[in-house]
1. Just a yes or no: is a residue in region 137-159 under 25 Å from Gly96 (Cα atoms), touching a Lys or Arg at 6+ places or on another chain (Cβ under 9 Å) and either polar (S, T, N, Q) or open to solvent by 10 Å² or more (accessible area, probe 1.4 Å) (or both)?
2. Of all the residues that make up region 160-176, how many are assigned to a helix (DSSP H, G or I) and surrounded by 16 or more Cβ atoms within 10 Å (Cβ to Cβ)?
3. Can you confirm whether region 37-56 contains a residue that is within 24 Å of Met144 (Cα to Cα) and either among the aliphatic types (A, V, I, L, M) or under 15 Å from the mean Cα position of the chain (by Cα) (or both)?
4. Would it be correct to say that Leu109 is surrounded by 16 or more Cβ atoms within 10 Å (Cβ to Cβ) and assigned to a helix (DSSP H, G or I)?
5. What residue, of Val113, Val103, Val117, Val121, is more than 16 Å from the ligand (Cβ to nearest atom), touching a Ser or Thr at 6+ places or on another chain (Cβ under 6 Å), among the hydrophobic types (A, V, I, L, M, F, W, C) and closer than 20 Å to Leu149 by Cα?
6. Which residue pairs have Cβ atoms under 9 Å apart, sit 6 or more places apart or on different chains, and have a first residue in region 179-199 that is among the acidic types (Asp, Glu) and a second that is modelled with pLDDT under 95?
7. Which one of these is within 15 Å of Ser9 (Cα to Cα), outside any helix (DSSP H, G or I) and either modelled with pLDDT of 95 or more or under 19 Å from the mean Cα position of the chain (by Cα) (or both): Arg80, Arg73?
8. Condition first: open to solvent by 30 Å² or more (accessible area, probe 1.4 Å) and more than 30 Å from Val199 (Cβ to Cβ). Now tell me which residues in region 78-101 satisfy that.
Amino acid sequence: MHAHPDDESINNGATMARYAAEGARVTLVTCTLGERGEVIPPQLRHLTGSALGEHRRHELAAAMAELGVEDFRLLGGAGRYGDSGMMGLPDNDDPGSFWQADVDEAAALLAEVVLEVRPQVLVTYDEDGGYGHPDHIQAHRVAMRAVELAEDAGWRIPKVYVNRAPRSVVGAAFVRLREELPGLPFDKSAVVTDVPGVVDDGRITAEIDGGPRCAAAKAAAMRAHATQVEVAPGERYFALSNELAQPLFPTEYYELVRGEPVGKRENDLFAGTDDATEVA
Ligand SMILES: [Zn+2]
């Protein structure tokens, strides 16, 4: 469950590639086409509004091909919900924006997907959307409400995770980044607080390392979102349209917010879900 095309690859690309390769059914639901995103390549900056949305839809399809994910959908169909833009902008007030969406109505659309797919695991953002973007906050609200609606209608998702990043790992990655910055195609470094979902290490309950193949698939998927993401050669760093270098994490981290963890730090999101059943 994601707000814009690119969020899935940046946050969960390695995880999605791993489970798709293992034969699990991976479904991505994206809430908006990100029509208000800032475009990085100068030759594509003429793309705005619905033209940008359409372009990003193709980028998303290309990214999913890299991850091996065949089932990807737009919540309510393409164009149902518009990108709300960054917090505090007048864009947030657009009645067609996802931020203005009725949570129950959007959640009902997601619950339909849940009832069709019957997932064992759902991944979303924390209540702050990871970093305060209105569409990410709304995606969290809609996802959590959809979990309730689906349960009322007969399918209880055994485990719900939010995307996280452990403070120690992020801090160490930025120390390395600053040392390597002169060799990167970016002038400045982002800071730890620019990374969504950073928390104290003790809150991390799952860690997914898909190995080099999944790491490469993640980098390729991020690269497919060329209007939004620039991946540095070597695939250890990337930048968004703010041109601030950040670490590209091949290992992805999660906090379980619903369900029972298996052990202190899981390395399989599906651990313990074998007996998932319909709600009587
Ligand atoms: Zn986003």
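The values are calculated or read from the model by the stated rules, or taken from the named source; none is laboratory data. Small disclaimer: the values here were computed from a predicted structure and weren't measured. Backbone-built Cβ (ideal geometry, glycine too); neighbour counts: all protein chains shown. Heavy atoms of the whole protein, side chains included, go into the accessibility calculation; ligands, DNA and RNA do not. Shrake-Rupley method; radii C 1.70, N 1.55, O 1.52, S 1.80 Å.
1. Yes, because at least one residue in region 137-159 is under 25 Å from Gly96 (Cα atoms), touching a Lys or Arg at 6+ places or on another chain (Cβ under 9 Å) and either polar (S, T, N, Q) or open to solvent by 10 Å² or more (accessible area, probe 1.4 Å) (or both).
2. Of the residues in region 160-176, 5 are assigned to a helix (DSSP H, G or I) and surrounded by 16 or more Cβ atoms within 10 Å (Cβ to Cβ).
3. Looking for residues that are within 24 Å of Met144 (Cα to Cα) and either among the aliphatic types (A, V, I, L, M) or under 15 Å from the mean Cα position of the chain (by Cα) (or both), one finds none in region 37-56, hence no.
4. So Leu109 passes the test.
5. Only one candidate qualifies: Val117.
6. Correct list of pairs: Asp194/Tyr131.
7. Arg73
8. Ala78, Gly79, Arg80, Pro90, Asp93, Asp94, Pro95, Gly96
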